[in-house]
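Have a look at the structure below before the remarks.
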Protein chains: 2
Amino acid sequence: MDMKHTSSSTTAASCMFETLRQDLINGRFAAGEKISISALKEHYQVGLSPLREALNRLAAYGLLIQENQRGFRVPKLSRNELDDITDMRCKLEGMALERAISNGDAEWESQLVAAAYRLNRVEHGQMETSEWEAVHVHFHRTLVAPCGSEWLTRFIEQLHDQFDRYRRLAPPIPESRTILDAQHNELVELALQRKTIEAQELLTEHIRLSYKIALGSCRGQHD
Amino acid sequence: MDMKHTSSSTTAASCMFETLRQDLINGRFAAGEKISISALKEHYQVGLSPLREALNRLAAYGLLIQENQRGFRVPKLSRNELDDITDMRCKLEGMALERAISNGDAEWESQLVAAAYRLNRVEHGQMETSEWEAVHVHFHRTLVAPCGSEWLTRFIEQLHDQFDRYRRLAPPIPESRTILDAQHNELVELALQRKTIEAQELLTEHIRLSYKIALGSCRGQHD
DNA sequence: TTTTTATGAAAAATCGATTATTATTGGAAT
DNA sequence: ATTCCAATAATAATCGATTTTTCATAAAAA
């Protein structure tokens, strides 16, 4: 048996990291906002030390800006950065998908089908947004999982978080949503058929369409 | 005038982050070693809080492994990971170089020439290794600097740190060193002449030759 | 009016001590 | 001998308080 020594009891710092990460991605803080440590401490009912450790991790991860002697700020949203993030996603996830298609085994195929199935189910029902978001992230993670590169995976996750910060803040566009949902299933089809190029092109298209939605979060943003 | 509010007075935590980052890259800690926080505290004469904040940042950055309730460890060296890092460097720096060559202006050209010049000078003299390393990092950073992507730049820096952890630990190979030194100058030539493809190919070759040296650090490593 | 300088308040960073968790050791039981 | 368990030591994580630095305000000087 495989006893997971890894998933040992969590710490307050790790817990705060995860919570804040989610809250940042979900736009619970205003872009550009100064982080009031004592307010967070109050709000999350957590000690100063674990909170600061979490903030330090988030800054190193790119979800916060840290300035010496003047604490932490939420990064601003800028169209330029969204363009950057989007381009990088297309490039990196394209790379990863190619490798995933060439490495992926039967186990991957079944997990991919399962992930897509779950995504379809959640779409139909009127689940909470947070549930759909979780399933959606899981789908995209599964899609590129067998790319064989720890670092590529890591960067993709990081960019995904950055991208979602924009997207989740933007107003939804139902017509685009329908297309995006269909694309998930088409991606599975192409992946299973090992149609590498077509899959890559569709993934790029998928990301670019999401980008159009995400752009909606930059309205009234100055740079 | 441009008064740098950015480089404000540093904090103990930031200072420790930089110091430990260098020490980790320079192999001052054994791969796989458990980090004794109290020992570090003693050795660097620093308080517990700033030290822990630095360690948290380093873990998020990928230079340390953090496990809940059991502290920090130095990542092991593995040939597989070195392969991964190397592939990713070739891909990402190749991308960046293409964009740098298309974006880079006269200012970039002069900085690149200057960086190469400095590198040549340091080679000739018998400067400290640390001096050469700093100039070398600066050269590679300059080469891809105008790629126009914050995120690409960030990932490249991160991978460079990871790669150097292997390379600096490996025994030097003088013949390869000569070739690598020459390649730096050839890279400048090709960049100035805007020979994108050739420059990319040479950069890949350069990284792959460095890889052969870096491999020397994996001898006797189990996975 | 504008700039400068002092001053008090707010917030960030750090320290020293405490608590909680893990690792270790030395028997007892099988 | 090997496994199990308690007792203890070691270390990680956290807390509460202190120090340091920045920010905001207003008086003084130009």
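A short reminder: the numbers here are calculations on the coordinates, not readings from a lab. Computed from a prediction, not measured in an experiment: that's the story for all the values here. Here Cβ is always computed from backbone atoms with ideal geometry, including for glycine, and neighbour counts include all displayed protein chains.
Laid out as a table, the results:
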| item | result |
| --- | --- |
| Residue A:70 paired with residue A:192, simple spin-label distance in nm, labels 7 Å along Cα-to-beta-carbon | 5.5 |
| Ratio of the Cα radius of gyration of region A:1-86 to 2.2 N^0.38 Å, where N counts its residues | 1.24 |
| Shielding by other protein chains, A:85-92, mean Cβ within 10 Å | 4 |
| Other protein chain Cβ atoms within 10 Å, averaged over every residue that makes up B:55-65 | 4 |
| Rounded to whole Hz, the Karplus (6.51, -1.76, 1.60) HN-Hα couplings of region A:138-145, x for glycine and proline | 4, 4, 5, 5, 4, 4, 9, 3 |
| Peptide B:146-155, shielding by other chains (average Cβ, 10 Å cutoff) | 5 |
| Hz values of 3J(HN,Hα) by residue in region A:66-75 - Karplus curve (6.51, -1.76, 1.60), Gly and Pro given as x | 10, 10, 3, 6, 9, x, 10, 10, 7, x |
| Using a Förster distance of 30 Å, the FRET efficiency for residue B:49-residue A:83 (Cβ separation, nearest 0.05) | 0.20 |
| Dipole of chain A [Lys/Arg +1, Asp/Glu -1 at C-beta], most positive-end residue of A:22, A:180, A:40 | A:40 |
| Residue pairs, from the table B:34/B:76; A:91/B:91; A:34/A:76, whose Cα atoms sit over 18 Å apart | none |
| Efficiency of FRET between residue B:134 and residue B:39 - r from beta-carbon atoms, R0 25 angstrom, step 0.05 | 0.40 |
| Fraction of alpha-carbon pairs over 28 Å apart in the protein assembly as shown - percent | 57 |
| Mean shadow area of chain B, taken as a quarter of the surface of its Cα convex hull (nm²) | 14.1 |
| Across the identical copies, how the residue B:215 labels are spaced - nm, sorted shortest first, 7 Å along Cα→Cβ | 4.8 |
| Shortest-first nm distances, residue A:109 label point to equivalent points in other copies (7 Å, Cα→Cβ) | 5.5 |
| Between region A:17-75 and region A:88-160, the Cα center-to-center distance that results, in Å | 27 |
| Ellipticity estimate at 222 nm from DSSP helix runs (n ≥ 4, -39,500 (n - 2.57)) divided over chain A, nearest 500 | -23000 deg cm²/dmol |
| ³J(HN,Hα), Karplus 6.51/-1.76/1.60, whole Hz, each residue of region A:14-28, x for Gly, Pro | 5, 4, 5, 4, 5, 4, 5, 4, 4, 5, 5, 5, 7, x, 6 |
